[in-house]
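These notes concern the structure reproduced below.
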Amino acid sequence: MYALLDEQAATARRDLARVLRGRPSDPVEATEREITASRLRARIHALESAAHALCFGRIDRGDGTWVHVGRIGLRSGATDEPRLVDWRADAARPFYAATALAPEGLRRRRHLKTDGRAVTEVSDEILDGSEPGPDDVVGDGPLVEALSARRTGHMRAAVSTLQSEQDRIVRSPHRGVTVVQGGPGTGKTVVALHRAAYVLYAHERAAAEGVLVLGPNPRFLEYISHVLPSLGENDVVLATCATLTGRDVAPAADDVARAKGESGMAVALADAVRRRQAPPGPLRTPGDLPDLSADDVAAARAQAVGGGLAHNPAREVFKEHVVDMLTDALEREAAGALERVDEEVAAVMGRDVASLDRTVSADLANLGYDGVVGDAHDDFDPDAVRAELTADRGLDRALDAVWPRLDAEDVVREVLGVPSGGAGADQAATRDGGVVAGRWTEADVPLLDEASALVDGLPARTFGHVVVDEAQEITPMQWRMVARRCPSRSMTVVGDFAQAGQVSTVRNWDEALADIADGRTQTWTLTVSYRTTAEILGATRDLLARIAPEQRLSTAVRHGEEPRTVLVPVPASVAGTSPAGPGTAGPGDAGAVAAAVGRIVSDDAAAYPGAQVAVLCVERRVDDLTGAVAGAAQVLPASAARGLEFDAVVVVAPDEIVAARAGGERDLYVALTRPTHRLIVVEKSAGKTPR
Ligand SMILES: Nc1ncnc2c1ncn2[C@@H]1O[C@H](COP(=O)(O)OP(=O)(O)OP(=O)(O)O)[C@@H](O)[C@H]1O
């Protein structure tokens, strides 16, 4: 298979070199050359990225035939026989779907582990109940091995161990919004990313338009960034709602972001724009032009908004109708004026104008000029008048009074009550809790996007499929922003409302998707926790019952160490009983807590060299603790840990995390469910001795 891969990559490289050597003779040929070259580059990339673990599985059917499953499909050059089946192809489905209860005609599923181009391990599952033979290698399941493996800081593709409950979702033929919910570590992200890869493979349109993956923060995006490229998919944009538009923004305080995330903002923005679209009343025109009546203005407005265009392009339509109406009015005026002139001429000459015209024509013919004196009405050239009116600056200014061209930022400033002009976002920023003055904040991005859509039209870049991870975090205004980028509404939305943070007020999928899914939603629930151990999950049971009583604890596939609690004695005034409340960390406890955390982290590093360790705490302890762990662990606010995972997690002062912000219990739940192996909880205690 590697020989085939090399051969095909070499052919593609040769073809590319040939194409690039060609000298196109015209722009059409140049475009064709670019298209062919980019197709070949994509092919070379796909072949190169498939080299790692090219073939990872094999299924043997009951009739003695078999299929090898891998990252891409390969056919033998000479006979065109399939040699390796792409994991997304139908023929590979039994590799994922078959179980001992429903073997799908399979006798055996084999997992291959490779190091470079050498097979280092083979592991078989016998699915039809037959006894293992001498060729079968039955041992510890590859899933357990994959899950127990040390984390690297980047999520890995799970293409060789995708479980059948996950595979069903990945391959679902559903074309609308696919929702995947489930507790922490149930593989929602894994499913979402593999589904994106599947959709790119199976749906041409998605492949042509690309995939957008939205995550809660840049750290999370970095964590998942290797998965799709390792599956050979590179036409994927990773973004947060804040970075999606490429605008440089400051962070926003939770309460401000929540207020700005409400759908009422969309109504306010739409109203602000609509008020600028020819409100009832006549149009006062400059100079000698006739004014337009309120009815005429209303008719032009109806035409302009009827086409569903955004405000600025619709202004052009409005203007066209106004110009047409004025042209008609001018033509009528001209006709009226000429009739009056004719009558005056007839009265003076004592003859009607038509007979005068005939006489003049006859005289002209005698002088050798051909032609008749035309009807004076023919002198009115409506096209010329229209062109003149269209270019008339004065008329454009008059139109500005009823239908001004708008700027999206100004509309947002107006709705937020910030005076326009100057550093307009100053006050918005100040109201966001005094963050960097003079800049828009993350919370403004969906408003600016909404205003842009209202004023200038839909975003230039849209996607064939959109994945929304940690979707419980998305505010109603952000959902609108997402929908705008996915006209086909082909989306995979994954999340868990028990882990919801502070900003979004959306509490269930119906609410989240009401305006975007057209009822085309398919919802799946994952129940097996692949990340963490039964012991760690068990420690969250009471908390989960409080924050999401309707949810059942997931079932863990692994067992491990019991979580540990380390008590740090601190002066009574700053322990949980402090009059200032549990959310306050006095100067008295910082040193003791930091020293304890430093010790825990260095002990863990000594016992498990190279392990990924995180210390999760309240925001204000981050600096102190970062100093204390001296690079041996990542220190993060608990609220920023959504979606991430580590070998070991130290949760510092759970009472502070709970008290730090409304809904802090959900932050604590997120923090406690991040470890794959070890959970250590550091609690402050007044006068108690450490355990
Ligand atoms: N089939 C699988 N094979 C190997 N590893 C898997 C599989 N499914 C899940 N995992 C692993 O389990 C862990 C948890 O998965 P994932 O992050 O997708 O869960 P999640 O439901 O998104 O969690 P959270 O709600 O906490 O964000 C990851 O390390 C992932 O790689």
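The values are calculated or read from the model by the stated rules, or taken from the named source; none is laboratory data. Treat the numbers as computed from the prediction; the structure is a model and nothing was measured. When we count neighbours, we look across all protein chains shown, and the Cβ atoms used for this are built from the backbone with ideal geometry, even at glycine.
Quick notes on this structure:
- Matching residues in the stretch 125-172 - criterion: being of a type in the set (A, V, I, L, M, F, W, C), in contact (Cβ under 8 Å) with a residue 24 or more places away in the chain and within 18 Å of SER230 (Cα to Cα): MET155, ALA157, ALA158, VAL159, LEU162, VAL170
- Sole exception among (1) out of contact with any strand residue (DSSP E or B) (no Cβ under 6 Å at 6 or more places or on another chain); (2) among the β-branched types (Val, Ile, Thr); (3) farther than 22 Å from HIS559 by Cα for THR161, by number: (3)
- Any hit, the stretch 274-296, residues being assigned to a helix (DSSP H, G or I) and β-branched (Val, Ile, Thr): no
- Number of the condition not met by SER639 [criteria: (1) more than 16 Å from the ligand (Cβ to nearest atom); (2) part of a helix (DSSP H, G or I)]: (1)
- Applying the criterion of being hydroxyl-bearing (Ser, Thr, Tyr) and assigned to a strand (DSSP E or B) to the residues of the stretch 79-122, the residue that is nearest to GLY57 (Cα to Cα) is THR114.
- Residue within the stretch 551-567 that is under 23 Å from SER685 (Cβ atoms), within 16 Å of the ligand (Cβ to nearest atom), hydrophobic (A, V, I, L, M, F, W, C) and at pLDDT 90 or above present: no
- Residues that are under 23 Å from GLY610 (Cβ atoms) and buried (at least 24 other Cβ atoms within 10 Å of the Cβ) within the stretch 647-672 comprise ALA648, VAL649, VAL650, VAL651, VAL652, ALA671, listed in sequence order.
- Among the conditions (1) part of a loop (DSSP other than H, G, I, E, B); (2) more than 9 Å from the ligand (Cβ to nearest atom), VAL179 misses just one, which is (1).
- Residue, farthest from the ligand (Cβ to nearest atom), within the stretch 123-155, restricted to residues that are part of a loop (DSSP other than H, G, I, E, B) and buried (at least 17 other Cβ atoms within 10 Å of the Cβ): ASP136
- With respect to the conditions (1) near the ligand (Cβ under 10 Å from one of its atoms); (2) at pLDDT below 85, GLN166 lacks only one, and its number is (2).
- Close contacts from the stretch 480-504, counting a first residue that is under 20 Å from SER172 (Cβ atoms) and a second that is among the aromatic types (Phe, Trp, Tyr), with Cβ to Cβ under 8 Å and a gap of 6+ residues or different chains, come to CYS486/PHE463; VAL493/TRP509.
- Failed item, numbered, when VAL213 is tested on (1) buried (at least 23 other Cβ atoms within 10 Å of the Cβ); (2) touching a helix residue (DSSP H, G or I) at 6+ places or on another chain (Cβ under 6 Å): (2)
- Selection status of ALA300, out of contact with any Pro (no Cβ under 9 Å at 6 or more places or on another chain) and assigned to a loop (DSSP other than H, G, I, E, B): no
- Some residue of the stretch 136-148 being closer than 30 Å to ILE516 by Cβ and in contact with a strand residue (DSSP E or B) (Cβ under 8 Å, 6 or more places away or on another chain): no
- In the stretch 495-540, the residues that are within 12 Å of the ligand (Cβ to nearest atom), of a type in the set (A, V, I, L, M, F, W, C) and surrounded by fewer than 18 Cβ atoms within 10 Å (Cβ to Cβ): VAL528
- Flag if GLU343 is among the acidic types (Asp, Glu), part of a helix (DSSP H, G or I), free of Cβ contacts under 8 Å to residues at least 24 places away in the same chain and closer than 30 Å to VAL411 by Cβ: no
- For the stretch 52-73, taking the residues that are small (Gly, Ala, Ser) and in contact with a Ser or Thr (Cβ under 8 Å, 6 or more places away or on another chain), the one that is surrounded by the fewest Cβ atoms within 10 Å (Cβ to Cβ) is identified as ALA53.
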